1. Leaving out ligands, DNA and RNA, and with a 1.4 Å probe, what % of the accessible surface on the chain is carbon or sulfur?
2. Short version: ³J(HN,Hα) in whole Hz for each residue of the range 306-312, in order, from phi by Karplus 6.51 cos²θ - 1.76 cosθ + 1.60 (θ = phi - 60°), x for Gly and Pro, what are they?
3. Give the angle, between 0 and 90 degrees and rounded to the nearest 10, that separates the Cα long axis of helix 325-334 from the longest principal axis of the Cα atoms of the chain.
4. Pick from 44, 71, 55: which residue has the top mean-square fluctuation in a GNM of the chain where Cα pairs under 10 Å get a spring?
5. Take the chain, connect every pair of alpha-carbon atoms lying under 10 Å apart with a spring to form a Gaussian network, then pick out the residue of 167, 35, 251 with the largest mean-square fluctuation.
6. At a Förster distance of 60 Å, what's the computed FRET efficiency of residue 176 paired with residue 49, Cβ-Cβ distance as r, to 0.05?
7. Could you run the Karplus curve 6.51 cos²θ - 1.76 cosθ + 1.60 with θ = phi - 60° over the range 240-248 and give me ³J(HN,Hα) per residue in whole Hz, x for Gly and Pro?
8. Cα atoms only, the range 266-397: Rg and Dmax in Å?
Amino acid sequence: MSHDPSTPDDSDSRQDSPPASSGFGTRAVHAGQRPDPTTGAIMPPIYQTSTYVQPELGRHLGYEYARVQNPTREALEGNLAALEGGKHGIAFASGLSAIEAVMKTLSVGDHVVSEENTYGGTNRMFNKVLSRLGIRFSFVDSRDPDQVREAIRPETKLLHMETPTNPMMRLCDLGVMAEIAHEAGALLMVDNTFATPFNQRPLEVGADVVVHSTTKYLNGHSDVIGGALVVDDDALAEELFFVRKSTGAVPGPMDAWLVLRGTKTLHVRMKAHNANGMAVARFLEGHPAVEACHYPGLASHPQHELATRQMDGFTGMVSVELGSGERAKRFVDRTHLFALAESLGGVESIIGVPALMTHASVAPDRRAFMGVTDGLVRLSVGIEDEADLLEDLDRALKGL
Ligand SMILES: *Cc1c(COP(=O)(O)O)cnc(C)c1O
């Protein structure tokens, strides 16, 4: 891949993307990529190299050192940007390091308003690491825009939102959040890991930064830890590239390549996740052993109207309240197809108890406050056959 700085267009991976007007599936398969110019390889090579030979002092081919530039990673970044409808993708070693990079654009005394019911690890980073470094946080229930407005201070620089939230499947109105942020002169960051760009595109409704744990649906095959940011603004992108270069949380080329292979089928997988998620949610909602089923696609979800307005599909994430930790344990111990594990978004179905697993790091009183009880079970519904999934759940719920 020649990246002669004298032909700057050549180093712009976006020029290889199909037009922004092309369909989601076409962008998923092609964006950010082109056949390798030396061999015609249809897949971007895994550039497993730490450095690049420079033809002469003072002249390089656009690549100096792999923390700063890597062609495999750039192909992934072009692909992710096209899927979210932003200009710049910035890949990271994990979802948390992607969030952390945005936080590292802030300074001591700056204030962040965060949804209270985020991914547990995000909450832990904010409370136990970044607060020590002098960043201030307020946690709010962003279902209620007034709570968000009231939390804004003169030092507020960032709103961090997650919708649907993990694991309660609460929503916030992204357009309203963008308005509140921008009125305050702050940026809106949205963790779009649960929804994926197939179902929801925050940049289109005013968000400034989209963050992903690519570990989940984007990679989709439970074999990589990765993260990414997508932004539209050139100056913000430059700042974030600078933070990444200066702090170093880059993904390896093999991992970037695997995520890129995953995103090629994102649209196909998400259709199946959405359909199976809906089928499982309907089944669980109607099951006598289940006290409550949280899924934005159900008419019984308190924010179903917002969900249909803001999302094109409702994902494979479902949570159910079974009433006690004992019942939750019996349920998750008895499923076969649904594997007991952390994480989500893979092709295989996974089940877990957030209070003891993904959200164990959240203080018990805060967990209770958010509704993350010991009897809450979270399901990541995979793309297996619907009948087999329902049969597995039905059997595990028998006699509960
Ligand atoms: C998993 C997850 C993260 C953290 O991502 P890692 O890749 O595990 O670092 C952040 N947000 C959400 C919504 C997640 O599910």
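1. Working: 8770 of 16050 Å².
After summing per-atom areas, the C and S share lands at 55 percent.
2. 4, 4, 5, 6, 9, 10, 8
3. Helix 325-334 sits at roughly 70 degrees to that axis.
4. 55
5. 35
6. Values: r = 46 Å, r/R0 = 0.77.
Efficiency at R0 = 60 Å is approximately 0.85.
7. Result, ordered by residue: 6, 4, 5, 4, 5, 4, 7, 10, x Hz.
8. Every Cα atom of the range 266-397 included, Rg and Dmax give 14.0, 40 Å.
The values are calculated or read from the model by the stated rules, or taken from the named source; none is laboratory data. No experiment lies behind these values; they were computed from the predicted model shown. Reconstructed Cβ throughout: ideal geometry from the backbone, glycine too, with neighbour counts over all protein chains shown. Heavy atoms of the whole protein, side chains included, go into the accessibility calculation; ligands, DNA and RNA do not. Shrake-Rupley method; radii C 1.70, N 1.55, O 1.52, S 1.80 Å.
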